[in-house]
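> A single structure is presented below for examination.
None of the figures in this text is laboratory data; all of them are computed from the coordinates on show. These numbers were taken from a predicted model, which means no experiment stands behind them. When we count neighbours, we look across all protein chains shown, and the Cβ atoms used for this are built from the backbone with ideal geometry, even at glycine.
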Amino acid sequence: MVAKFSSISTRKLSKALTVLTRDKSMVATSDYGDFHKMVKRYVMSSMLGTSAQKQFRETRDMMVNKMLRTFHKLVTDDPDAPIVFRDVFKDELFRLSLIQSLGEDVSSVYVDEFGRDISKEEIYNATVTDMMMCAIEVDWRDFFPYLSWVPNRSFETRVFTTEARRSAVMRALIKQQKERILRGEARICYLDFLLAENTLTDEQLVMLVWEALIEAADTTLVTTEWAMYELAKNPEKQERLYQEIREVCGDETVTEEHLPRLPYLNAVFHETLRRHSPVPLIPPRFVHEDTKLAGYDVPAGTEMVINLYGCNMSKEEWDSPEEWAPERFAGGRFEVADMYKTMAFGAGRRACAGSLQAMHIACAAIARFVQGFQWRLREGDEDKVDTVQLTAYKLHPLYVHLHPRGPRM
């Protein structure tokens, strides 16, 4: 991904992803070139870069605070009932995604093509859930390209219908925000930045704003849910993290400023990325010039998929890889470069643009959750580790019993 970038930097997408990404009209899927460099600069400058992250710090803090209040309310209302972690985290994370991408937490929007208002839950389903499921739709013609002329009506109907629904919702959301801007209500958000640049077509604008919406709302949820599953399953490791937080923060609430001083939290984050790779398979790359990889001659035209799950579960590279053991990453200060130990965010010039934000949200949330509560799995859920969707989405949602540790944080 680094040394051979010049020969393997081109994306090769399945037919489903080609349709859903409007033929690579996004940062993550576009081929490396002028368009890719321009739009990656846009997203880093306005939303995901170090300086841009400071603009949304208050919003991230508000998100975590609201989740803690919701957990406390659920425990108070019924102390013995297990809590569905995903329901709480998903709602607040999507709220953050909406604010960063569009400038406000949208509760509903009128969609011309539907002839009605749709709710926030419907917006989420159309822009996130349905898209993640549709991305793994298999078209047998991907495997037999010489038969690509043969129609596959059922596949095409599913994919194009889902894509059309997503685009209709995104156009409605953007239209709503353009009306806000015309009223003189400018906001610090990705959409306002892109409109001010005035260099994109309407289709490119739709795709880039949708990309920001879905990527902030999915993989961070996946990683945080797996981290809390493992901490609830391993009380001794949860206690070690809690004691580290106590030593560093005392009675203070954990903040993002504390993260560099919490090495075991850092280890929990990276071990979760290793054991539960949020993106198990990197989208295929197209080898566009003859090259040599690991001693093998790889001809131009080869399709290549990097199996991150296989790399992170290799017994040649890791001791007892099937075991979730944060200790393997413990012993040092947190460094930004550590985010590439497991390649969870890729590497080289195609590394994930949102890696810093993912670390901020996941680590701060994990620390606050453990600082505020003792976590215990619902009985019988210890071995529920199956996944579904394009990312390593937990097939069985995390159910937990929470016990408040003390005063509300």
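> Determine, for each peptide in 66-75, 393-402, the mean count of other beta carbons within 10 angstrom over its residues, then list the peptides with the highest first.
Ranked by mean Cβ neighbours within 10 Å, highest first: 393-402, 66-75.
> Further, regarding this structure: At 0.36 nm per residue, and after removing the present C-alpha to C-alpha distance, how many nm does the segment from LEU395 to LYS178 gain when stretched out fully?
Residue separation times 0.36 nm, minus the Cα-Cα distance, leaves 74.3 nm.
> How large are Rg and Dmax for the chain when calculated on the C-alpha trace, in angstrom?
Reported Rg and Dmax, both Å: 21.7, 66.
> What is the spin-label model distance, in nm, from SER45 to SER154 if the labels are put 7 Å beyond Cα along the C-beta direction?
Between SER45 and SER154, the label points sit 4.8 nm apart.
> Another question about this same structure. As a check on your grasp of the helix formula, calculate [θ] at 222 nm for the chain: sum -39500 (n - 2.57) over DSSP H runs of n ≥ 4, divide by the residue count, round to the nearest 500.
Dividing the helical sum by the residues of the chain leaves -15000 deg cm²/dmol.
> Can you pull the one-decimal nm distance between simple spin-label points at THR253 and GLU197, each 7 Å off the Cα toward Cβ?
Computed distance between label sites THR253 and GLU197 equals 3.4 nm.
> Only four residue types carry charge here, +1 at the Cβ of Lys and Arg and -1 at the Cβ of Asp and Glu. Report the dipole size of the chain about the Cα centre in Debye, rounded to the nearest 20.
Roughly 660 debye for the chain.
> So who's got an amide H within less than 5 Å of the one on GLN374, skipping anything under 5 residues away but keeping other chains? H placed 1.01 Å off N, in plane.
Amide H neighbours of GLN374, under 5 Å, 5+ apart: HIS403, ARG405.
> Pulled fully out, how much extra length does the chain show between ARG376 and ARG261, if you take 0.36 nm times their separation in residues and subtract their Cα-Cα distance?
Contour length minus Cα-Cα distance gives 38.8 nm.
> Another question, then. Just want to confirm a number: the relative contact order over the chain, from Cα pairs under 8 angstrom separated by 6+ residues, in percent.
Once normalised by length, the contact order is 25 percent.
> Using the structure shown, select from LYS15/LYS341; LYS4/LYS24; LYS54/LYS178; LYS37/LYS341 the pairs with a Cα to Cα distance greater than 29 angstrom.
LYS15/LYS341
> Something else now. Starting with the highest mean, order 154-163, 364-373 by the number of other Cβ atoms within 10 Å, averaged over the residues of each peptide.
The packing order, highest mean first, is 364-373, 154-163.
> Additional query: Placing one identical point scatterer on every Cα of the range 21-62 and ignoring solvent, what is log10 I(q)/I(0) from the Debye formula at q = 0.22, 0.31, 0.32 Å⁻¹?
Debye curve over Cα of the range 21-62, log10 I(q)/I(0) at q = 0.22, 0.31, 0.32 Å⁻¹: -0.71, -0.96, -1.00.
> Give the span of the range 215-255's Cα atoms along each principal axis, as three whole-Å numbers ordered largest to smallest.
Ordered largest first, the range 215-255 gives principal extents of 34, 24, 9 Å.
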